[in-house]
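Trainee: This structure is in structure tokens; I'll ask about it shortly.
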Amino acid sequence: MKKLILKILFLTLVIFVPVSVIAGVSVHVNIPLPPPIIFPGPPEVVVIPETDVYAVPDVQEDIFFYSGWWWRPWEGRWYRSRYYDRGWAYHRYAPPFHRNIHPGWRNDYRDHRWRGYEWQHQRVPHRDLQRNWRGWERNKHWQRQNSWGVKGMPPRGKRKVNPPGPKGGPGAGPGPGHNPPGHGPGR
């Protein structure tokens with residue numbers, strides 16, 4: 001009789017206790033966090049023309065601010081934080097704004113040029129960014145104020161693909177290799 005009770009009790013436990021609890025299965029994925037970037041103080045940012053994205057120009061790494069989040073790529077992954085200097089967490093996907101950021105934005109910043117037009121970028125102190133980014137985004141502040149500081153740049157719908165060269169206007173014109181001999185007009 002005791003053996004029968006023990007067998008019934010054992011079968012009851014096997015049927016009603018989940019196998020994962022008995023096995024103690026645990027899976028962890030370890031994704032490393034990016035190294036910290038030391039700032040002497042809160043960073044100033046510049047708004048990337050034609051976007052609501054702000055970038056920190058004074059550090060080697062790309063750090064962006066967009067819609068209340070600080071973003072940074074590192075080793076092929078994206079991380080975000082509510083703070084520019086700590087609290088980075090892995091984010092599964094690239095941020096939605098990233099496809100609109102020209103990869104050469106740092107060169108454009110350094111050269112004071114954007115898509116061939118003069119760019120008079122304005123440095124924005126951290127405290128002003130934190131206080132105003134929502135209103136600036138909602139009211140299209142940078143677009144309305146001064147076209148993001150880009151002189152002479154027409155609105156997106158009225159822009160030519162390749163702006164004219166120095167003699168024909170503010171743009172850079174076609175780059176090297178454009179219509180090489182034997183190709184295109186006049187061949």
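Trainee: Could you work out how much longer the chain between H91 and D58 gets when fully extended? Use 0.36 nm per residue separation minus the Cα distance between them, nm to one decimal.
Mentor: On the way: separation 33, 0.36 × 33 = 11.88 nm, distance 2.39 nm.
Extending this stretch completely gives an extra 9.5 nm.
Trainee: Looking at region 29-133, which GluC sites (Glu not before Pro) are in a loop (DSSP not H, G, I, E or B) and have at most 13 other Cβ atoms within 10 Å? Write out the running numbers ahead of the final one.
Mentor: Working: sites: E44, E50, E61, E75, E118; in loops: E44, E50, E61, E75.
Answer in residue order: E61, E75.
Trainee: May I pose another question? Which whole-number value in Å³ per residue fits the convex hull of the alpha carbons of region 41-158?
Mentor: Details: hull volume 13.4 nm³, N = 118.
Once divided by residue count, the hull of region 41-158 is 113 Å³.
Trainee: Tell me which residues come under 5 Å, amide H to amide H, from E118 once H is placed; ignore anything under 5 positions away on its chain.
Mentor: The answer is K151.
Trainee: Which trypsin sites (Lys or Arg not before Pro) in region 52-103 sit in a loop by DSSP (not H, G, I, E or B) and have at most 15 other Cβ atoms within 10 Å of their own Cβ?
Mentor: Numbers: sites: R77, R80, R82, R86, R92, R99; in loops: R82, R86, R92.
Passing sites in region 52-103 are R82, R86, R92.
Trainee: Take the eigenvalues of the Cα gyration tensor for region 77-123, scale each by 5, and report the square roots as semi-axes in whole Å, largest first. Before the final figure, lay out each step's value.
Mentor: Numbers: eigenvalues 151, 38, 12 Å².
Equivalent-ellipsoid dimensions as semi-axes: 27, 14, 8 Å.
Coordinate-derived values only; no laboratory data. Values in this document were obtained by computation on a predicted structure and should not be read as measured data. Glycine gets a Cβ as well: all are built from the backbone with ideal geometry, and neighbour counts include every protein chain shown.
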